[in-house]
Amino acid sequence: MKFFILTDLEGVAGTDLFTQTRKGSMKESSMRQLTHEVNACVEGIRTVYPDAVIDIWDGHGNGGILPEELIDVDVNYIGRTPPSKPYYRLEGYTAMLVVGQHAMAGTIDAPLNHTYTTEVMYYRLNGVFIGEFGARALVAGTQSVPTIFLAGDDKAALEAKMFIPEIETVVTKYGKGVESAIHLDKAESCARIKEGTIRAMCRIGEIPPFAAIKPPYRFEARNLAPIGKEWMAKRPHLKFIDEQTYTIETDDLSKLPF
Ligand SMILES: [Zn+2]
């Protein structure tokens, strides 16, 4: 058995301010909690499959994991070093698990909601609004790898179930606004993540790969503010609909900004 854990920082218990996820002194406690939540996920996998191969990828732009605090010495920590987007090479993996996830941009009362950057108003793929979870689950799913578990805020969990109704989820906090949430106790969040991961391990085979959005792909992105002329000029492969919106038509997911 081989598992890929994809992580982000905004979805952990105890974090509901953007300053807690950006460079600076306030970020470290969020990183510590993410690392603890990842450790809990690893413990859950090991409870059912002690000899599993476990790869962990840090999916937060400026780094979300404290690698020295990963307790299981046998996990492979991929970190942020190139080649980027390792979730495009999931051949041989049994399943993907997601820890620390937030909801897509524009989700009501979803703490720290965004889609890749806070400049994005929305991404749509073949008419479907899609965020980081859906995009990455689709990349995995097109490689026949199911995404079987998500830990994150309540809106991220609902978003995951919208795409994959069978997925196991654990809620770390309940969103009350963009920078407001009611949090689980940090240790309780970890305990639930371990239990949820065990449930997911026992349900492998019941949770199908997410591949419902099929090529040809028509991708549309809209930014909150007008896109700079210089940025546009550097990207001749994009078709600009107006000063905030562009589209990409392709059969290849890796050509999209996922
Ligand atoms: Zn993110």
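The magnitude of the dipole of the chain, with charges of +1 and -1 set on the Cβ of Lys/Arg and Asp/Glu and taken from the Cα centre, is near 580 debye. The Cβ shell under 15 Å around Arg89 holds other residues with a net charge of 0, Lys and Arg each +1, Asp and Glu each -1. Fully extending the segment from His237 to Val53 would add 62.4 nm, taking 0.36 nm per residue of separation and subtracting the current Cα-Cα distance. Round to the nearest 10 and give me the degree value, 0 to 90, for the angle of helix 132-141's Cα axis relative to the longest principal axis of the chain. For helix 132-141, the angle is close to 80 degrees.
Across the options Leu238, Phe163, Val145, the greatest Cα extent toward the positive end of the charge dipole of the stretch 131-240 (unit charges at beta carbon of Lys, Arg, Asp, Glu) belongs to Leu238.
The magnitude of the dipole of the stretch 117-166, with charges of +1 and -1 set on the Cβ of Lys/Arg and Asp/Glu and taken from the Cα centre, is near 140 debye. Which residues among the stretch 230-244 fall inside the zone where the amide N is under 13 Å from a point 7 Å beyond the Cα of Met121, along Cα→Cβ? Under cut-off, by backbone N: 241-244. For the stretch 1-141, the share of DSSP beta bridges that are antiparallel, to the nearest 5, is 20%. Of the peptides 42-55, 65-78, the order by per-residue mean of other Cβ atoms within 10 Å, starting with the highest, comes out as 42-55, 65-78. For the stretch 1-100, a simple Cβ point-charge model (Lys and Arg +1, Asp and Glu -1, everything else neutral) yields a dipole of about 340 debye relative to the Cα centre.
Overall form of the stretch 1-84: prolate. Here a/c, set by the Cα gyration tensor axes a ≥ b ≥ c, is 1.5 or more, and a/b is the larger of a/b and b/c.
Judged by the mean number of other Cβ atoms found within 10 Å, the most tightly packed of the peptides 109-117, 7-15, 26-34, 229-237 leads the ranking 7-15, 109-117, 26-34, 229-237.
The stretch between Met1 and Arg199, if pulled fully straight at 0.36 nm per residue, gains 69.7 nm over its current Cα-Cα span.
One chain, two ends: Thr247 and Ile108. Fully extended at 0.36 nm per residue, the span grows by 47.5 nm beyond their Cα-Cα distance. Figure legend: label point modelled 7 angstrom from the Cα of Ser84 along Cα→Cβ; residues of the stretch 37-72 with amide N under 13 Å from it are 59-63. Label separation (Lys176 vs Leu158): 1.7 nm, computed from points 7 Å beyond Cα along the C-beta direction. Out of all Cα-Cα pairs in the stretch 166-258, roughly what percent, to the nearest whole number, are more than 14 Å apart? So the pairs more than 14 Å apart make up 77 percent of the total in the stretch 166-258.
A crude spin-label estimate for the pair Asn76 and Lys23, with each label 7 Å from Cα along the Cβ direction, gives 3.0 nm. Nearest 10 degrees is fine. How inclined is helix 186-202 to the longest principal axis of the chain, computing both from alpha carbons? Its long axis makes an angle of about 90 degrees.
With both labels modelled 7 Å from their Cα along Cα-to-Cβ, the Lys255 to Asp185 distance reads 5.3 nm. Within the chain, the proportion of C-alpha pairs whose separation exceeds 35 Å stands at 11%.
Computed over neighbours whose Cβ is under 11 Å from that of Thr172, the net charge equals -4, Lys and Arg +1, Asp and Glu -1.
Normalising the average separation of contacting C-alpha pairs (under 8 angstrom, six or more residues apart) by the number of residues puts the relative contact order of the chain at 22 percent.
Taken together, the values in this text are just the output of simple stated rules run on the coordinates, not laboratory data. Small disclaimer: the values here were computed from a predicted structure and weren't measured. FYI the Cβ positions are ideal-geometry reconstructions off the backbone, even for glycines, and counts take in every protein chain you see.
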